[in-house]
Structure formats: structure tokens, C-alpha cells
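Working notes for the structure below.
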Amino acid sequence: MYFITSKPFWVVLVACLPCLRCAHVMKSVSGADSMDTYRSVVSEGLFSSASRREERALPCPSDVDVAPCVCSFDGASLDLDCSPVKDLDDLARVFQADFPFPSFTSLAIADNPHLVGELPGGIFGPVTFQNITLVRTNLSAVSDKAFASSASRLQLLDLGSNALTSFPFETLGDYFLLQHLDLKRNRLGRILDLESSSLEYLKLDSNPLLELTATSFANARYLRALYLNDVSLKGVPVGLFDSLNHLQELYLMGNQIQTLSSGTFNLNSKNLIIVALAGNAISQVEPNAFGTSLSHTVTLDFRANSLADLPESTWRPMIAILGSGSLLIDGNSLTCGCNLCWLMQDATLLSHTSGGKCSSGEYLDEINTDYCDFFCFRD
């Protein structure tokens, strides 16, 4: 606050802390000059104060203290981007700074090849996050305490496209709000029993060394979407999906699966939307491979496999349950003869398929089904 005395030749400036250095200014000048001096000093004080506010624009910490990380606040979301840090030591130094408001919305670190080795426990100090995106680095491991400070708040954790050979799956139960876990494009091996009462979306795509057991997901009952594309699976352990009663989307594309055994997809889920098996080498599907999981809302994607035949005992019950166009079989070289008359002569069942093509080049719905009556004997 500023006060101007009633004396004509004197100006007394009393400033709060940002302008305390000017409080002693007392100068004998004309009345006009006194106002110019007043405005000059006030302006200088305001700009100096603004400069300091830019260095610490609450609720962010001091820009200098957390550099090269950048804090931003848009009125609702408090975010921190630490992509430019030099290495893990530099990242640890940032979180030794004073964070006046330590509960952040998100942390982002991307495209940093200098982050190498294990992400250590306690590296984020007392700072917590709802969402953490740490992608495209050379991190090879994650300490079981790396994200412990955020255990009660973390909802999304994206660690895709790193070099992880291990992840502390055994700690997921401590993150009781975690819904999204993305570990795609890493080098993970065996997945031991994963336990979480909150996890809904799990991405493990493009981990070519991945190994699964029948109980890998037994204690992750609330999964809604599971991504296992391009993980070099040669088979699916029977029982792997038995406990996933809430599953809606299952992706197993681009693997090396050849046979679907009976009970493989005994999901017991009433909400299943899609089972994607495109780009495998599936040549045989045993009866009851899908148990009671199918409904008219489910899409079965068998595109680009090795199906040569669709045995009626296996496929009729499946196709009958599905809706229109729900069985995708493009890219399979079917041997079309008497063996497929049961499908080609049933317009309703045939309408439930999409893209069925014979090895001779015709589509199933293009074949003259009179051949079935003339040349095929059926009981």
C-alpha cells in the first residue's frame, strides 16, 4: 500500500515486501515530478513482483527448482512433464524440491533414451499422481516401490514402449483405484498370478517373450478389456479366462495359435463384445471351445487364419447364436464341397458370417447350392 503526504514537496513511499527496498525514498521534487516518481517506482515494484510470481505460479512449485520439468495448471488439472530430464539422478533431484501442493493430476515422461536401468523406489518423493505416462525410454525394470507414493490415487499407468523385462505384478493389489495398465511393446516374460480388484484395462501387446499360465488372470476378475496381440502365443492355456466374468473385449491377434481346445474361452461373461483371433494359424476349433460365452452381440474375428473346413458339429451351435455378420472369416482358404452344404443352404446362418471364401475363389454365398442336392448325400 502506498501513501502520499499532504506536504507539496515530499513523497513518502511505504511498500509491502516486494518494494521494501524503496520504502526509504524521500525526494524533494515538484508536484508533477513527484507523481512521475511515484508511478515509476510502483511500476518497477509490480513488474518485479510479477517476475517472482512467474517463477512460482501456485499451485506449481518453483520453475527453477523443478527444471527441466514443466508444471502446468489449467484451473482443473495440475500436470507435470519431465520428458527432458538428463537421467534418473536428474529426475530424483527434481522431486527433492519443495512441492507446496504435492497431489498432481498427471506425470508425463516420453521419448527419453537417457532413462536406463531400473526405476528406483521412492524416486517421486511425496508427490502423487492420478495418471502416469512413462513411455519410449530404455528402462528395463521397475522397483516394487517406484509408484508407492501414488498407491491410493493412481488410476492410469502407461509404461508402453520401454525395455522392461520385469514388472512387479504382485504389488497391483495395493493400487486399489488403478483401472488402466499399459505394458505393451516391452520384453516381459512370465506373468505370475496377477491380483487386482480394480483393474479393468490391461494391455500386454507386443511382448514377444510373454508366458502365461492357466491362473495368470485368475485374480483380476474385473477386467473388461484384455490385449494380448503379437505376444507369440502358440496356444491358449485352458482356464486362462475362466474367472473373467466381466470381460467385454479380448484381443489375441497376430499370434501363432493353431488349435482352440474345448473350454478355451469359457468366459462366463454376459457382456462379451468381441473375441479377436485374426492373424493366427488356427486350423482347428474343438467343440465347446467357447463354452457358454457367446451371444448375438458377440463378434468372432477369425480373419487370416488357416481354416479349411467348418465342421457342422462345432460351428453350427456357434454361428446360430451369433448376430448378423458376426463371424469374420475373410482370409481363410475354405474347401467348399458337401462338407459346407449345411451352411451354404441355410440363409440365416450364412448371413451371420462375413467374408467366407473358397479356395477356388468363390464366396460361400455365390455357390449354386443345387450342387448339394444333386451330388451330396446327407442323413
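The values are calculated or read from the model by the stated rules, or taken from the named source; none is laboratory data. No experiment lies behind these values; they were computed from the predicted model shown. Reconstructed Cβ throughout: ideal geometry from the backbone, glycine too, with neighbour counts over all protein chains shown. Please note that ligands, DNA and RNA were not included when accessible areas were found on the heavy atoms of the full protein model with its side chains. Shrake-Rupley method; radii C 1.70, N 1.55, O 1.52, S 1.80 Å.
One line per residue, one yes/no per condition, for (1) assigned to a loop (DSSP other than H, G, I, E, B); (2) open to solvent by 40 Å² or more (accessible area, probe 1.4 Å); (3) touching a residue at least 24 places away in the same chain (Cβ under 8 Å):
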| site | (1), (2), (3) |
| --- | --- |
| ASP65 | no, yes, yes |
| CYS71 | no, no, no |
| GLY75 | yes, yes, no |
| LEU80 | no, no, yes |
| LYS86 | yes, yes, yes |
| ARG93 | no, yes, no |
| PRO100 | yes, yes, yes |
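When the residues of the stretch 326-375 are narrowed to those that are in a loop (DSSP other than H, G, I, E, B) and in contact with a helix residue (DSSP H, G or I) (Cβ under 8 Å, 6 or more places away or on another chain), which ends up least open to solvent (accessible area, probe 1.4 Å)?
My answer is GLY356.
Could you please give the count of residues in the stretch 219-232 that are over 20 Å from VAL298 (Cβ atoms), surrounded by 16 or more Cβ atoms within 10 Å (Cβ to Cβ) and not small (Gly, Ala, Ser)?
2
If you check GLY254, GLY235, GLY279, which single one turns out to be touching a residue at least 24 places away in the same chain (Cβ under 8 Å) and surrounded by fewer than 16 Cβ atoms within 10 Å (Cβ to Cβ)?
GLY235
Quick check: is even one residue across the stretch 352-373 of a type in the set (A, V, I, L, M) and free of Cβ contacts under 8 Å to residues at least 24 places away in the same chain?
For the stretch 352-373, residues of a type in the set (A, V, I, L, M) and free of Cβ contacts under 8 Å to residues at least 24 places away in the same chain: absent.
Specify the residue that is nearest to the chain's Cα centre (by Cα); the eligible residues are those in the stretch 187-219 that are of a type outside the set (A, V, I, L, M) and farther than 21 Å from ILE257 by Cα.
TYR201
Within the stretch 190-234, how many residues turn out to be more than 14 Å from LEU252 (Cβ to Cβ) and among the basic types (Lys, Arg)?
Count: 3.
Name the residue that is most open to solvent (accessible area, probe 1.4 Å), counting only residues in the stretch 282-313 that are in contact with a strand residue (DSSP E or B) (Cβ under 9 Å, 6 or more places away or on another chain) and among the polar types (S, T, N, Q).
Only one residue fits best here, namely GLN284.
Taking only the stretch 107-157 into account, find how many residues are part of a strand (DSSP E or B), open to solvent by less than 30 Å² (accessible area, probe 1.4 Å) and on the phi < 0 side of the Ramachandran plot.
16
Across the stretch 41-62, which residue is farthest from PHE99 (Cα to Cα) among those that are modelled with pLDDT of 50 or more and open to solvent by less than 70 Å² (accessible area, probe 1.4 Å)?
Here the residue is ALA57.
Which one is nearest to VAL231 (Cα to Cα) among residues in the stretch 176-188 that are out of contact with any Gly (no Cβ under 7 Å at 6 or more places or on another chain), open to solvent by 20 Å² or more (accessible area, probe 1.4 Å) and assigned to a loop (DSSP other than H, G, I, E, B)?
The extreme case among them is ARG187.
Quick check: is even one residue across the stretch 168-178 under 22 Å from ALA57 (Cβ atoms) and among the hydroxyl-bearing types (Ser, Thr, Tyr)?
Looking for residues that are under 22 Å from ALA57 (Cβ atoms) and among the hydroxyl-bearing types (Ser, Thr, Tyr), one finds none in the stretch 168-178, hence no.
Determine if the stretch 211-218 includes at least one residue that is β-branched (Val, Ile, Thr), open to solvent by less than 10 Å² (accessible area, probe 1.4 Å), at pLDDT below 95 and assigned to a loop (DSSP other than H, G, I, E, B).
no
Which condition does PHE104 not pass, out of (1) of a type outside the set (Val, Ile, Thr); (2) in a strand (DSSP E or B); (3) open to solvent by 50 Å² or more (accessible area, probe 1.4 Å); (4) more than 21 Å from LEU192 (Cα to Cα), if it passes all the others?
Here PHE104 clears every test but (3).
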